[in-house]
1. What does the highest-first list of 41-53, 72-84 look like by mean Cβ count within 10 Å?
2. For the chain, give the share of DSSP beta bridges that are antiparallel, in percent and rounded to the nearest 5; count only bridges with both residues there.
3. Efficiency by 1/(1 + (r/R0)^6): what FRET value for residue 1 and residue 69, r their Cβ-Cβ distance, R0 = 30 Å, to the nearest 0.05?
4. Rounded, prolate or oblate: which fits the chain when a ≥ b ≥ c are the square roots of the eigenvalues of the alpha-carbon gyration tensor, with rounded for a/c under 1.5 and prolate only if a/b beats b/c?
5. Is the range 56-100 best put as rounded, prolate or oblate by its Cα gyration tensor, with a ≥ b ≥ c the root eigenvalues, rounded for a/c under 1.5, and otherwise prolate when a/b is larger than b/c, oblate when not?
6. I want to check the label-to-label distance for residue 89 and residue 59. Put each point 7 Å from Cα in the C-beta direction and report it in nm to one decimal.
7. Add -39500 (n - 2.57) for each DSSP H run of 4 or more in the chain, then divide by its residues: what number comes out at 222 nm, to the nearest 500 deg cm²/dmol?
8. So what is the relative contact order of the chain, in percent, for Cα pairs below 8 Å that sit 6 or more residues apart?
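Coordinate-derived values only; no laboratory data. A quick note: this is a predicted structure, and the numbers were derived from the prediction, not measured. Positions of Cβ are generated from backbone atoms using ideal geometry, with glycine treated the same way; all protein chains shown enter the neighbour counts.
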C-alpha cells in the first residue's frame, strides 16, 4: 500500500503546472491524511476546498488501479462527495494520469 507521501507525489506529477479543474478539491482519507489540489498546488493541508471527497486510502488506491469503479464506490457509500459535484466529475483524467 502506498504512503500518503507517495500518493501526494503522484498527484503532484499528474497536476504539473495546473490541475485544469478550475477549483480546489480535497481527498480526505480520514486517519490516513489528506491530499488537497488547488491549481498547481498539491499538499496535505486540511484547508477549505470547493469539493471534498471522503474515502479510505485503500479504496482510493483500488480506484486508481481500476479495481473499484468510482460510480459503484459512490453508490455503495465508499466514496462521499461534499461540495461542488462538478469538480469530482472532472477528476477522472487527472486520476488516470496519476496512475501512470
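1. On the way: 41-53: 16.6, 72-84: 14.7.
Top to bottom by mean Cβ count within 10 Å: 41-53, 72-84.
2. Values: 11 of 15 bridges.
Around 75 percent antiparallel, to the nearest 5.
3. Values: r = 20 Å, r/R0 = 0.66.
With a Förster radius of 30 Å, E is 0.90.
4. Numbers: a/c = 1.29, a/b = 1.15, b/c = 1.12.
The shape class here is rounded.
5. Values: a/c = 1.96, a/b = 1.12, b/c = 1.75.
Oblate shape, in that a/c is at least 1.5 and b/c is the bigger or equal ratio.
6. 2.1 nm
7. On the way: 5 runs with 40 residues, N = 100.
That calculation yields -10500 deg cm²/dmol at 222 nm.
8. Numbers: 154 pairs, mean separation 28.5, N = 100.
Once normalised by length, the contact order is 28 percent.
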